[in-house]
Amino acid sequence: MYLDADDEKILNGEYGETRQKMMEILVALGKVFGAERLVPIKSAQVSGASYKTIGKWGLEWLQSLDARVAVPSVLNPIGMDREKWFEMGIEPAFAERQEEVLAAYRRLGIKLECTCTPYYLAITDYGDHLSWSESSAVVYANSVIGARTNREGGPSALAAAIIGKTPFYGLHLVENRKPQVSVVVEGCDPARGLRSDHFGAIGHLAGKEVGNRIPFFSGIRPTKDQLKSLGAAMAASGAVALFHVDKITPESRVFSFDAGGLETITIEAQEVEEVFSSIEVDAVAVGCPHCSPAELERIAGLLRGKTVTKPFFIFAARGVVRSNRETVDAIEKSGARVYEDTCMVVSPAMERFSAIMVDSGKALAYVPGMCGAAARIGTIEECVAEATS
Ligand code: F3S
C-alpha cells in the first residue's frame, strides 16, 4: 500500500509510539482489503465507549494511548446519562469507571458527544470520506447522506481519528456502491394501518434476507427518520452498510440502471405484521437510533395530557436534547424520562427489566442479548399507549 513520506515517518515511530501503533492498524487493514493508499477523512465516530462493553481491559488500553485526534471525532453512546446516572439506577462504581473511560477519550481530543446520530450535530456532506464505527450511523451516512465510510471497529475508527486517514477500499470506492439485490416492499401504505409502513419491522425482515449485500428498495417512500430506522434495523439483523431507495436516496439515480436484473426479495405487509407480538412488558424504551428533533416533537405530542404508568425511556444525543429543551420538558411532564449520552442497549440500567417494548428493529435484535430481557416491537403510538395504559 502506498504511504506518503509523513505516513512512513509515523510508521517508523518518529511521531511517537501511539501514532505508530495506529498507523500499523491502518496498514494491516489496508493490506487485508487490498487498499492502494490511505484517504483523508473528514470525521471519525468511535465505538467502544460504554464501560459495559469495553470493561477493565479496554479502559486500560485507552489509558495507555498518548496522542491527539487529527479530525473532529465523537463517541458512540456510553453506559449512562452523565448527569442523571443515579436516577437511571446506575451503580456509583460503574459511573466512576465510565467517567475514567471518558477521561481517556478526552485526553485523546475526542469530543464527549456520545451518540449514534452524529449527523444531527455536525455537517456531513455527500461524498465526504469518514471513519465511523456505529453500524446504524454508518448505514445512514452512506445511504441517506451519500458520504462514504466502511463499517469500522472501535480500534480502526480510533486509529483513523488519530492519523486523519483511513485505507481507501470498500465503500470509499464508487464502484463498490452498486446495488447487489433488489427488495420490493408490497402493501407499505399508512392507509392500511401504521404497522405496514413500520420501517424498523421492514428493516428487521430485509436485513435477514439481504445479509451484507447492498439492497435497492422499491415500493416505499420513507422520510429521513424512517430511512434511519430502516438502515439501523438492517445493520442489526443483517450487516447492511449501504442501501438505496428508488427516487429517494441520493445515489439511487446513479445506480437505478444497475438495479435491473438483480435477484429480487419481496416483503409483504403480512410478514411485517408478524414481526409484532403482544407479550407483557415492564418498560418501554424508544430512541434507537437516538431521536431526531422531529421524533422528540412527535413523542411530546403523543404524551400531551397523559401520565406514564410504567418506566418510559427516551434516548437522544446531548446536543439534540439541549437544543430542544422545551420539547424535552413537555415529554418529562408526563413522567417519561429523556436521557442523553446513552441508550437502552449499552446501559446496564435496562438489565433490571424482564421485557422491554421498543419501536426499533435494531433494539428488537439487540435487547435480548445485551440486556437479558425479552423485546417486543411496536409503533411509536403503541409504545406511548403501552407506557401510559
Ligand atoms: Fe444507537 Fe444504541 Fe440503538 S447505539 S442505534 S440507540 S442500540
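The values are calculated or read from the model by the stated rules, or taken from the named source; none is laboratory data. For clarity, every value in this text was computed on a predicted model and none was experimentally measured. Backbone-built Cβ (ideal geometry, glycine too); neighbour counts: all protein chains shown. Note: areas computed on protein heavy atoms with side chains; ligands, DNA, RNA excluded. Shrake-Rupley method; radii C 1.70, N 1.55, O 1.52, S 1.80 Å.
Output the residue which, of all residues in the stretch 117-171 that are β-branched (Val, Ile, Thr) and not in a loop (DSSP other than H, G, I, E, B), is farthest from MET22 (Cα to Cα).
VAL144
List every residue pair whose Cβ atoms sit under 6 Å apart, with the two residues 6 or more apart in sequence or on different chains, where the first one lies in the stretch 224-251 and is within 23 Å of PRO293 (Cβ to Cβ) and among the acidic types (Asp, Glu) and the second, anywhere, is open to solvent by 10 Å² or more (accessible area, probe 1.4 Å) and part of a helix (DSSP H, G or I).
ASP225/GLU295
One residue is enough: does the stretch 294-316 have a residue meeting the conditions part of a helix (DSSP H, G or I), small (Gly, Ala, Ser) and surrounded by 15 or more Cβ atoms within 10 Å (Cβ to Cβ)?
Yes: the stretch 294-316 contains one or more residues that are part of a helix (DSSP H, G or I), small (Gly, Ala, Ser) and surrounded by 15 or more Cβ atoms within 10 Å (Cβ to Cβ).
State whether one or more residues within the stretch 86-105 are within 19 Å of the chain's Cα centre (by Cα), hydrophobic (A, V, I, L, M, F, W, C) and farther than 15 Å from ILE54 by Cβ.
Among the residues of the stretch 86-105, not one is within 19 Å of the chain's Cα centre (by Cα), hydrophobic (A, V, I, L, M, F, W, C) and farther than 15 Å from ILE54 by Cβ, which makes the answer no.
Which is away from the ligand (no atom under 15 Å from the Cβ), touching a strand residue (DSSP E or B) at 6+ places or on another chain (Cβ under 9 Å) and without any contact (Cβ under 8 Å) to a residue 40 or more places away in the chain, of GLY127, GLY109?
GLY127
Inside the stretch 109-158, can you point out the residues that are in contact with a helix residue (DSSP H, G or I) (Cβ under 9 Å, 6 or more places away or on another chain), at pLDDT 95 or above, closer than 24 Å to GLU99 by Cβ and of a type in the set (A, V, I, L, M)?
ILE110, LEU112, ALA137, LEU158
What residue, among those in the stretch 32-47 that are over 25 Å from the mean Cα position of the chain (by Cα) and open to solvent by 20 Å² or more (accessible area, probe 1.4 Å), is nearest to GLU152 (Cα to Cα)?
Result: VAL32.
Please pick out the residue among MET370, MET350, MET357 that is within 16 Å of the ligand (Cβ to nearest atom), closer than 23 Å to ALA93 by Cβ and in contact with a strand residue (DSSP E or B) (Cβ under 8 Å, 6 or more places away or on another chain).
MET350
Name the residues in the stretch 350-370 that are open to solvent by less than 10 Å² (accessible area, probe 1.4 Å) and out of contact with any Lys or Arg (no Cβ under 7 Å at 6 or more places or on another chain), would you?
Scanning the stretch 350-370 gives MET350, ILE356, VAL358, SER360, GLY361, ALA363, VAL367.
Of the conditions (1) touching a residue at least 60 places away in the same chain (Cβ under 8 Å); (2) away from the ligand (no atom under 14 Å from the Cβ); (3) assigned to a loop (DSSP other than H, G, I, E, B), HIS290 satisfies every one except a single condition; which number is it?
The one condition HIS290 does not meet is (2).
Which members of the stretch 331-347 meet the condition of being farther than 30 Å from SER196 by Cβ and more than 13 Å from the ligand (Cβ to nearest atom)?
GLU332, LYS333, GLY335, ARG337
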